[in-house]
Amino acid sequence: MRTGKREVSCASCNLRESCLSGGVPAEDLERVANIVYARRRIMGGERLYSAGDESRCLYAIRSGFFKTSLTASNGREQVTGFFMAGELLGMEGFGGGSYRDSAIALEDSDVCAMPYSLIEKIGHEVPSLQRRLHSVLAREIMRGHGVMLLLGSMSAEERLATFLLNLSRRFQRRGYSGSSFLLRMTRSEIGSYLGLKLETVSRLFSAFDKDGLLDVRHRQVSILDIEGLERVLAG
């Protein structure tokens, strides 16, 4: 992991609207930019932080892709989330203590490190940042509820369809193609996240491909029939 203080400009960042500075008026932006302490380069396979580490910073992903995971007592990894450019890692650290999960880069990635102490200090001085922070925290709570629903009440087909549709929308919001994208995670990692066996994930990808919903070539996925995927959710 390469660390260091680098010049960072929130005003010129093309991911600003999805970060903490999104919605902050121009006159407050310079002060809000001070929460970015440093840029860090994390190589693929490296950890940004580990479960149990003291939580000091919130991280905004500038480029790349991460997974969060926990290691069970038997040594098996449980994937708890996937995060792409424009999203935030370490939200649970606002409560103090330690990080709940480990965050591992799935490819070479860049992050902005924002100490919680600075966020809280400037948040008290800039109401728009405080409102934005509350919005982001609420979004993270909703994400957690969504995962619980996904694992608790959906069939295997519905879980994979939901996962792909969610990825599609997130790519679209960031200006990328929502119909054709590269999966940075392995099928085993997808299975861990969705609570499915590797064999089940592979079988479902093949079935969706055969039914004309997807065109699957290794990790490259093209959604051919998004309405068809949505019908899977409707049973």
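The values are calculated or read from the model by the stated rules, or taken from the named source; none is laboratory data. From a predicted model like this one, the values you see are computed outputs, not experimental measurements. FYI the Cβ positions are ideal-geometry reconstructions off the backbone, even for glycines, and counts take in every protein chain you see. With ligands, DNA and RNA removed, areas are computed over all heavy atoms of the protein, side chains included. Shrake-Rupley method; radii C 1.70, N 1.55, O 1.52, S 1.80 Å.
Within region 54-104, the set of residues being acidic (Asp, Glu) and either buried (at least 21 other Cβ atoms within 10 Å of the Cβ) or closer than 23 Å to SER188 by Cβ (or both) comprises GLU77, GLU87, ASP101.
Highlighted here are the strands (runs of 3 or more DSSP E) found entirely within region 71-161 that include at least 1 residues which are aromatic (Phe, Trp, Tyr) and out of contact with any Cys (no Cβ under 6 Å at 6 or more places or on another chain): 77-84. Sort through PHE205, PHE181 and tell me the only one that's open to solvent by less than 30 Å² (accessible area, probe 1.4 Å), out of contact with any Ser or Thr (no Cβ under 8 Å at 6 or more places or on another chain) and either in a helix (DSSP H, G or I) or over 21 Å from GLY152 (Cα atoms) (or both). Result: PHE205 is the single residue among PHE205, PHE181 that is open to solvent by less than 30 Å² (accessible area, probe 1.4 Å), out of contact with any Ser or Thr (no Cβ under 8 Å at 6 or more places or on another chain) and either in a helix (DSSP H, G or I) or over 21 Å from GLY152 (Cα atoms) (or both).
The condition of being touching a residue at least 40 places away in the same chain (Cβ under 8 Å) and open to solvent by 10 Å² or more (accessible area, probe 1.4 Å) does not hold for GLU199. Would you say GLU140 is open to solvent by less than 40 Å² (accessible area, probe 1.4 Å) and among the charged types (D, E, K, R)? Against the criterion (open to solvent by less than 40 Å² (accessible area, probe 1.4 Å) and among the charged types (D, E, K, R)), GLU140 does not qualify.
Does SER109 satisfy the criteria of being touching a Pro at 6+ places or on another chain (Cβ under 7 Å) and on the phi < 0 side of the Ramachandran plot? So SER109 fails the test. Name the pairs: first residue in region 142-154 and modelled with pLDDT of 70 or more, second residue of a type in the set (A, V, I, L, M, F, W, C), Cβ to Cβ under 8 Å, at least 6 apart or on different chains? These pairs meet every condition: LEU151/LEU194.
Restricted to region 208-232, and to residues there that are open to solvent by 70 Å² or more (accessible area, probe 1.4 Å) and part of a helix (DSSP H, G or I), the residue that is nearest to LEU160 (Cα to Cα) is GLU230. Restricting attention to region 119-134, the residues being of a type outside the set (Val, Ile, Thr) and either surrounded by 16 or more Cβ atoms within 10 Å (Cβ to Cβ) or within 17 Å of SER50 (Cα to Cα) (or both) number 5. No other residue among ARG41, ARG2 is surrounded by fewer than 16 Cβ atoms within 10 Å (Cβ to Cβ), over 25 Å from SER135 (Cα atoms) and either modelled with pLDDT of 75 or more or out of contact with any helix residue (DSSP H, G or I) (no Cβ under 8 Å at 6 or more places or on another chain) (or both) apart from ARG2. Per the listing LEU118, LEU194, the residue uniquely touching a residue at least 24 places away in the same chain (Cβ under 8 Å), among the hydrophobic types (A, V, I, L, M, F, W, C) and within 30 Å of ALA33 (Cα to Cα) is LEU118. Just one of the numbered conditions (1) open to solvent by 50 Å² or more (accessible area, probe 1.4 Å); (2) under 27 Å from LEU48 (Cβ atoms); (3) at pLDDT below 90; (4) not in a loop (DSSP other than H, G, I, E, B) is not true of GLY175: (4).
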